[in-house]
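To keep things clear, I will list the structure first and then write my remarks on it.
The values are calculated or read from the model by the stated rules, or taken from the named source; none is laboratory data. Note that the coordinates shown come from a computational prediction; the quantities given were computed from them, not determined experimentally. With ideal geometry, Cβ positions are generated from the backbone for all residues, glycine too; neighbour counts draw on all protein chains shown. Just so you know, the surface numbers come from the protein's heavy atoms only, side chains and all, with ligands and any DNA or RNA stripped out. Shrake-Rupley method; radii C 1.70, N 1.55, O 1.52, S 1.80 Å.
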Amino acid sequence: MSLFVRKLKQILVVLAVAFFCASCSNVPSTSYNPWNAQELPTEARLLDVAFTENPNVGWLVGSQAALFETADGGETWQEQKLELGDEKVTFTSVSFIGQEGWIVGQPSILLHTTDGGKSWSRISLSSKLPGSPYSILALAPNSAEMTTDVGAIYKTEDGAKTWKALVQEAVGVVRNLSRSAEGEYIAVSARGNFYSTWQPGQTAWVPHQRTSSRRLQNMGFGKDGRRWSIARGGQIQFGSSEDAETWDEAQYPEIGTSWGLLDVAYRTPEEIWVSGGSGNLLVSFDEGKTWQKDREVEDVPSNLYKIVFNSRDRGFVLGDRGFLLTYKSQDKVA
């Protein structure tokens, strides 16, 4: 079966399911769609995006060694190729501070640039590294923090010549791992049956039981000082930043539908976006008290895996098969 036929069948299935379930949701629609849909020339799943000190220059990474560059703030993207031999690489994370940038991926790859991405050098990682690189965050010139998919955390302050382990024992294979602006981490176990937290200065992760029978999907930190948690079946919870085991009552932004929720991101402390399977995109303008649905993106034939707001006025929703939503306006959806 040709690639075109397979892709056409996938699109038709998504559209058919979306049509069937359209009447299942009673969530009010947004009055305005602030997202512009793009389809990049790749079958890869897009996983992360970051910009240099030049607000027009950014980099987008994903599976199948997907690497795209923009020179116009994300309006258009040009695919870039790196010489990686026969390796099947997935780039999982990208981060910049100034012109210095980092990319990590699996299996065990670390790339570094000091010229905004004009050239990338590969840095060798120890064969004893626990797990494969999961995320990277540029902190300052020559300084970055890297995690692995088993919860190891490392920091370099000399341009990756040496790395210091920040936690003595890895937490185990993780489904998701997120970092707060203050350097705290929260990780969901691979099976979603528990989560763990780590704060700077601690020597080990602290495990916590999930709050319901529903398995956890993703967790992270918001701009309002709270943590958030997504569980199977479209459940979302918010929790106090002081106590990792104190959570508000669970809510279901879209009761009666089967779309799974996948990620949460804050554009402002009050405005929260939630993405999910099959083009599902929800927004709250009151810190999660009430929800609206952006139905103008439902036709996007992609799961919306990750939301990234690089700033108040720049955001992206990353999907599979090269689908990308770009935030195009700061006008509030009424």
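Below, the figures for the structure above:
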read-out	value
Subset of the range 77-123 [modelled with pLDDT of 95 or more and surrounded by fewer than 13 Cβ atoms within 10 Å (Cβ to Cβ)]	Gln78, Asp115, Lys118, Ser119, Ser121
Selection from the range 145-201 of residues that are assigned to a strand (DSSP E or B) and hydrophobic (A, V, I, L, M, F, W, C)	Met146, Ile153, Ala165, Val174, Leu177, Ile186, Ala187, Val188, Phe194, Trp198
Qualifying positions in the range 202-222 - open to solvent by less than 70 Å² (accessible area, probe 1.4 Å) and not in a strand (DSSP E or B)	Gln202, Ala204, Trp205, Arg210, Ser212, Gly222
Positions within the range 301-334 being modelled with pLDDT under 95, open to solvent by 10 Å² or more (accessible area, probe 1.4 Å) and of a type in the set (A, V, I, L, M, F, W, C), in sequence order	Ala334
Exclusive hit being touching a strand residue (DSSP E or B) at 6+ places or on another chain (Cβ under 9 Å) and either closer than 27 Å to Val150 by Cβ or polar (S, T, N, Q) (or both), set Gly234, Gly276, Gly201	Gly276
Condition check for Ala152: over 16 Å from Ala204 (Cα atoms), open to solvent by less than 10 Å² (accessible area, probe 1.4 Å), more than 16 Å from the chain's Cα centre (by Cα) and not β-branched (Val, Ile, Thr)	no
Among residues of the range 269-300, those that are farther than 27 Å from Ala65 by Cα, open to solvent by 10 Å² or more (accessible area, probe 1.4 Å) and either in contact with an Asp or Glu (Cβ under 6 Å, 6 or more places away or on another chain) or among the β-branched types (Val, Ile, Thr) (or both), counted	5
Close pairs from the range 183-194: first charged (D, E, K, R), partner crowded, with 16+ Cβ neighbours inside 10 Å, Cβ under 8 Å, at least 6 apart	Glu184/Thr197; Glu184/Trp198; Glu184/Phe221; Arg191/Arg175; Arg191/Arg215
Residue within the range 241-257 that is surrounded by 19 or more Cβ atoms within 10 Å (Cβ to Cβ), in contact (Cβ under 8 Å) with a residue 40 or more places away in the chain and in contact with a Lys or Arg (Cβ under 6 Å, 6 or more places away or on another chain) present	no
Test: residue in the range 165-175 that is under 14 Å from Thr147 (Cβ atoms), touching a Ser or Thr at 6+ places or on another chain (Cβ under 7 Å) and among the basic types (Lys, Arg)	yes
